[in-house]
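The values are calculated or read from the model by the stated rules, or taken from the named source; none is laboratory data. Bear in mind the structure is a predicted one, so any value in this text is a computation, not a measurement. Please note: Cβ atoms are built from the backbone with ideal geometry, for glycine as well, and neighbour counts cover all protein chains shown. Protein only, heavy atoms only, side chains kept; ligands, DNA and RNA dropped before computing areas. Shrake-Rupley method; radii C 1.70, N 1.55, O 1.52, S 1.80 Å.
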Amino acid sequence: MGKADDLTDDLLAQLRSLKPGDRLPSIRALAQARGISKNTVIEAYDRLVARGLIVARRGSGFHAARRPDPPERTAAPPLLDQAVDSVSLLRAQLNQTFDLRVGDGRPPAAWTAATLPRRMPPALWHAVARDGEGYGSAMGDADLRARIAARHRLEGVAASADHVLTTFGANHALDLVIRRYLVPGATVLADDPGYYPLFAKLRLAGVAVEGVRRGDFGPDLDDLAQQVAQHRPSLFFTQSRGQNPTGTSMDARHAHGVLSIAQEAGMLVVDDDPFIDLPGMEGTRLASLDAFGRVISIGTYAKVLHAGLRAGYVLAAPQIARDLAEIKMLTVVNSSRITEMMVAQVMESGRFDRHLRRYAERMVAAKEAVLSSLAEMGMAPARPWGGGLYTWLHLPLGLDEAGLAQQASDRRIFLAHGQIFRLGRQGPPAMRLNLSRAADPRFFRFLRQALQEAA
């Protein structure tokens, strides 16, 4: 919150004890008393005037007009409480008070911000100005969908624009899949450890989620087969490359195994791959083997272009894409055509591919720096790195990982401890490292000291 927000909240509390007509401090006096600028006081007073809580009287300043209504509190639905409880890490990621954000899920802004145009390119402005379609098709911007399909064809996936549905990022795509294919009481499978916002979405929908152990090169196939036999799920949520949080990627054997089990069980596989476009990723994409039989692929530009764009897509069989478009139309009408046109323009200009090459170079350099610093401490990631932002670091047995995260927070360092990413199964103490943010001496000084104190 900003200073004007804090002051507004304080004034609201004071107004509850004032009578209509009581005078408030002058702008100058309040600014001096609080050690803030007069503009901040003016902004807070303007907000209260707009809400009808205070009035300005010529020559006598600001006066109370009426007392604020007491805040209404209603009980949240139990499923919402459960979901919100599980996204504490997301709340911390959105909080910008940390000096060092090793546990954040996104790259630093410096890695992405320069790629976007600083002003709307004339061609894009003219396209927006002459657009007479309004919202446009619920499938999304036709140009972007065609470009997405073309990029996948270069990777050997026989995609057309009919296979592509644009979304407000990967999380929106996951939400559409959940709404379309699942009902309360259903059971699905997901990687364990895995993507914690997905777990929260499933809980919010009243869906039970069972974990499938994530190994060094993909899901444990024996565990997957056992969970499928026991729960008969309709969906398995996984990540074929650069998995969040372990950083592992599926090899060909595991990718074939997942699809074979899915085929036999009649199960759909949702492959959330935020690094689809990034060069140098290791592993085997499920979509490259599946030919749109069982796999729903999800892509996003949040991790590689800019998180604020909120642009992503579903790549699936045309009927699945159309089915999900109906849910999209009912819930949000359409995604942002202007945002999608901007992404398409960045692709057309060549900036996107130049940016991706630079991003990949930075990623490898950051990985090498982190591994070198860990080696100096006698530590190493628990899993082989398959590309992307993340790696999974095991901590000494018996260490309180949540306590370590709290120690870090006290020093304005944000860590993501392992339990947040697990689905009930216990494992060695661990944390997810964002390689793009962990290559910082301050983090390793903290970690070295904390481990020494815990020994």
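Just a few scattered comments:
- Annotation for region 326-333: no member residue is surrounded by fewer than 21 Cβ atoms within 10 Å (Cβ to Cβ) and closer than 28 Å to Glu282 by Cβ.
- Asp271 meets each of the listed conditions (1) among the charged types (D, E, K, R); (2) assigned to a helix (DSSP H, G or I); (3) without any contact (Cβ under 8 Å) to a residue 40 or more places away in the chain apart from (2).
- Pick from region 1-21, criterion over 41 Å from the mean Cα position of the chain (by Cα) and open to solvent by 60 Å² or more (accessible area, probe 1.4 Å), ranking: modelled with the lowest pLDDT: Ser17
- Residue check for Glu340: open to solvent by less than 60 Å² (accessible area, probe 1.4 Å), more than 28 Å from Gly299 (Cα to Cα) and modelled with pLDDT under 95: no
- Screening region 31-122 for helices (runs of 4 or more DSSP H) wholly inside it with 3 or more residues that are at pLDDT 85 or above and touching a helix residue (DSSP H, G or I) at 6+ places or on another chain (Cβ under 8 Å) returns the ranges 38-50.
- When each of Ala430, Ala375 is tested for being modelled with pLDDT of 90 or more and within 23 Å of Tyr195 (Cα to Cα), the lone residue that passes is Ala430.
- Pick from region 367-393, criterion among the small types (Gly, Ala, Ser) and under 22 Å from Gln239 (Cα atoms), ranking: surrounded by the fewest Cβ atoms within 10 Å (Cβ to Cβ): Ala382
- When the test is whether a residue is under 14 Å from Asn171 (Cα atoms), among the small types (Gly, Ala, Ser), modelled with pLDDT under 95 and open to solvent by 40 Å² or more (accessible area, probe 1.4 Å), Gly308 passes it.
- Number of positions in region 21-30 that are in a helix (DSSP H, G or I) and closer than 13 Å to Asp10 by Cβ: 1
- Of all residues making up region 157-180, the number that are out of contact with any Gly (no Cβ under 9 Å at 6 or more places or on another chain) and hydroxyl-bearing (Ser, Thr, Tyr): 1
- Qualifying residue in region 22-33 (condition: open to solvent by 90 Å² or more (accessible area, probe 1.4 Å) and closer than 13 Å to Ala65 by Cα): yes
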